[in-house]
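So the structure is just underneath, and the comments pick up after that.
The values are calculated or read from the model by the stated rules, or taken from the named source; none is laboratory data. For clarity, every value in this text was computed on a predicted model and none was experimentally measured. Using ideal geometry, Cβ is built from the backbone for each residue, glycine included, and neighbour counts are taken over all protein chains shown.
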Amino acid sequence: MGQTVFVPKEIDANETRVAASPDTAKRLKGLGFDVIVEAGAGAASRIVDEDYAKAGATIGKAADAGSADVILKVRRPTDAEIKRYKPGAAVIATMDPYGNDAAVAAMARAGVTAFAMEFMPRITRAQVMDVLSSQANLAGYQAVIDGAAEYDRALPMMMTAAGTVPAAKLFVMGVGVAGLQAIATARRLGAIVTATDVRPAVKEQVQSLGAKFLAVEDEEFKAAETAGGYAKEMSKAYQAKQAALTAEHIAKQDIVITTALIPGRPAPKLVSAEMVASMKPGSVIVDLAVERGGNVDGAVPGKVVTTGNGVKIIGHLNVPGRVAASASLLYARNLFAFLETLVDKAKKELAINRDDELVKATMLTDAGKVVHANFAAAAALVDASPAEAGEDDAPARKRAPRKAADKTADKAGGDA
Ligand SMILES: NC(=O)c1ccc[n+]([C@@H]2O[C@H](COP(=O)([O-])OP(=O)(O)OC[C@H]3O[C@@H](n4cnc5c(N)ncnc54)[C@H](O)[C@@H]3O)[C@@H](O)[C@H]2O)c1
């Protein structure tokens, strides 16, 4: 019998995506894997069990994770999920590991080889595996759709017999993958679009999409892009100049979409309470960075807030999950493409090359250890006493048979 890939139904109540599609299930079969998909795993992404079955997968239950050599997931597994995995299993997911040392240590203790897809290097070979891009692209699109839905006017200019409706003014702050798609989507809907970023390379991209670029273009701006293509955290002086420039602009906008992020840092605060207060009633702000601390003063994760002056601030969580069917399709392909590089195609089995730069960049835990250089604190937790690590029965549980109490916790959704 070949090795097995397991695809669970995600536990997080907000998670509508799934880590395999019928297309990737078929491709996994082609690589020589048996594929088990938990019943209902694709339901929120409009994929019914029958579609997976037709692609050659077996429909199973959560406990089938215990027989899997590879587990494909959207989110990092919960402790209850990890307990089911066999030591040596490869777990591939968006791990959100920063600030979650105990969870990283728990994966090491369980002996699984965990890969964080968001650490995939942004090199040509790995473009097809880039979950940040595939999901941010859809988030940028959905941000405009959400903003337009909350806005009580039309976006395009409409010249009709009964009069003219003016075009909406839409401002995008932070023009990475999400911001570029937000600009393109807003332009398609007929809005007048402006955009800002701290990276000079963005100016031309913004203009090529038919939008106007607005930024403080001083010496610091010219050096604001890291070698990796990301933004640096800007100085207080720059932030003050940026705020002065954008304050005046924001007051005239109908919809503002913020997407600004700095890797490993909290999101920069770009829109102050005063700026929000300066906007017209009925204006809308969409904060795509809300899960990373937010770009907008007053944005609340998971809520649409209406301020005293009638401005709506949208802080939806898991925005790619709001277009789940599309997001799952692309996410599944990203994971399949990576898993394909971990397989010996002749032997039809996992053969992880630990010297491969993709593996080095993404592997968090392996053979009982935290192996990623950025997680020394998590590594220390693995060897710490169970009490220090915040767990009561951690070492014993690794290979111990499952207890009745564990099963009850699993049924109740575990500790998700
Ligand atoms: N395969 C590839 O080569 C590949 C794929 C995707 C992205 N990229 C590149 O990676 C880089 C990052 O893209 P991303 O979408 O992941 O970015 P991101 O999600 O990390 O950040 C979003 C944007 O916010 C901007 N930002 C940060 N601080 C700001 C501030 N104070 N004010 C205004 N804007 C601010 C950033 O410059 C970035 O453009 C880009 O250069 C992009 O072109 C490369």
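Listed values, structure above:
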read-out: Breaking point among (1) modelled with pLDDT of 95 or more; (2) within 15 Å of the ligand (Cβ to nearest atom), for TYR98; value: (1)
read-out: Condition met for VAL91 (in contact with a Lys or Arg (Cβ under 6 Å, 6 or more places away or on another chain) and either small (Gly, Ala, Ser) or outside any loop (DSSP other than H, G, I, E, B) (or both)); value: no
read-out: The one condition in (1) closer than 17 Å to PHE171 by Cβ; (2) under 23 Å from the mean Cα position of the chain (by Cα); (3) in contact (Cβ under 8 Å) with a residue 60 or more places away in the chain that GLY229 fails to fulfil; value: (1)
read-out: Some residue of region 128-151 being within 11 Å of the ligand (Cβ to nearest atom) and part of a loop (DSSP other than H, G, I, E, B); value: yes
read-out: Residue in region 115-125 that is closer than 25 Å to ARG354 by Cβ and more than 16 Å from the ligand (Cβ to nearest atom) present; value: yes
read-out: Residue identified as outside any loop (DSSP other than H, G, I, E, B) and more than 20 Å from VAL296 (Cβ to Cβ) among ALA167, ALA184; value: ALA184
read-out: Unmet requirement for VAL5, which otherwise passes all of (1) within 14 Å of ASP69 (Cα to Cα); (2) over 24 Å from the mean Cα position of the chain (by Cα); (3) outside any loop (DSSP other than H, G, I, E, B); value: (2)
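Yes/no matrix, rows are residues, columns are (1) farther than 28 Å from GLY298 by Cα; (2) within 11 Å of the ligand (Cβ to nearest atom):
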| residue | (1), (2) |
| --- | --- |
| SER208 | yes, no |
| LEU214 | no, yes |
| LYS232 | no, yes |
| ALA244 | no, no |
| ASP254 | no, no |
| THR258 | no, yes |
| ILE262 | no, yes |
| ALA267 | no, yes |
